[in-house]
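Before any comments, here is the structure.
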Amino acid sequence: ITGAPACQGKVIGIVKVVKNKDEFSKIKQGDILVTPMTTPDFVPLLRKVSGIITDQGGVTCHAAIISREYGTPCVIGTDNATKVLHDGDRIELDAYTGTITTYANPSSNKSDLIKGITLYKGKTQGVVVRILSDKDLTRVNTNSIIVANSLTPQFLSALYHAKGFIVDEYSPTSHAYMYARALKIPAIGGTKNASKLLLTGDKVELDANHGVVTLQV
């Protein structure tokens, strides 16, 4: 699916198709809104979503203006997004290039969803906070499991609150390796794809004893 970038950015998330006001209640925090076009009635929804895709509109349409105001990645004028995409689809919205790519949803057999290398042993359950930028660190609380491509010193204060973390990279000299041992929290690295498969809000079990992450249904 292709359209015109209205506000640049890139996000992976879950689609919710909204064609009228009766469907507003479907939108949850972090969803990607797919709609024919937005109107002022949509403003409360647009504060929740992580991305916006419309069938119609130009660079001065309502969705384009509001997305730029909120800094929300937005692609407009796709013509067919509401016909091609469905509720629950996992997609990448690339508002730099104006393209939308669908991902295969994880299997209902979640036991082997993600595997990695133990950084510090332990087993815990929590809710994913996927870190794409420093502002995402403010979402971390005592029930959070941080998911990121790699860790930097900016993560340290958030890690004190988290139940555990999962990173794509692995190196015995990395910040992830050192922080896991210093803070003594369950952690795995070397997953290669956790930051693409897991989304903020996913409920997971992190078994760092065996280097496995299970998505809870």
For T138, solvent-accessible area (1.4 Å; no DNA, RNA or ligand), Å² | 120
Connecting every pair of Cα atoms under 10 Å apart in the chain and solving the GNM, the largest mean-square fluctuation among Q154, Q29, Q56 falls on Q154
Of the listed pairs K16/K115; K135/K203; K48/K196; K123/K184, those with alpha carbons more than 23 Å apart are K16/K115
For the pair K83 and T97, the simple spin-label estimate (label points 7 Å beyond Cα toward Cβ) gives in nm 2.4
Take every DSSP beta bridge whose two residues both sit in the chain, then give the antiparallel share in percent to the nearest 5.
-> 60
Helical mean residue ellipticity (222 nm; -39500 (n - 2.57) per DSSP H run of 4+; nearest 500) of the chain | -3500 deg cm²/dmol
Relative to the Cα centre, what is the charge dipole magnitude of the chain, using +1 at the beta carbon of each Lys and Arg, -1 at the beta carbon of each Asp and Glu, and rounding to the nearest 20 debye?
-> 620
Determine how large the accessible area of R68 is when every protein chain is in place; take a 1.4 Å probe and give Å² rounded to the nearest 10.
-> 110
If each Cα of the range 68-207 is one equal point scatterer, what is log10 of I(q)/I(0) from the Debye formula at q = 0.14 Å⁻¹?
-> -0.70
Report the paramagnetic label zone for V127: residues of the range 146-168 whose backbone N is under 16 Å from a point 7 Å from Cα along the Cα-to-Cβ axis.
-> 146-147, 161-164
For the range 152-217, state the semi-axes of the equivalent ellipsoid (square roots of 5 times the eigenvalues of the alpha-carbon gyration tensor), sorted largest first and rounded to whole angstrom.
-> 19, 13, 12
Hydrodynamic calc, the range 5-106: Kirkwood Rh from Cα pairs, then Stokes-Einstein at 25 °C with viscosity 0.890 mPa s, so D in µm² s⁻¹ is 190
Counting only the heavy atoms of the protein chains, how much of K121 is accessible to a 1.4 Å probe, in Å² to the nearest 10?
-> 140
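The values are calculated or read from the model by the stated rules, or taken from the named source; none is laboratory data. All figures in this text were calculated on a predicted structure; none of them were measured in a lab. Glycine also receives a Cβ, built like all others from the backbone with ideal geometry; neighbour counts cover every protein chain displayed. For the accessible areas, the whole protein counts, side chains as well, though only heavy atoms, and no ligand, DNA or RNA atoms are used. Shrake-Rupley method; radii C 1.70, N 1.55, O 1.52, S 1.80 Å.
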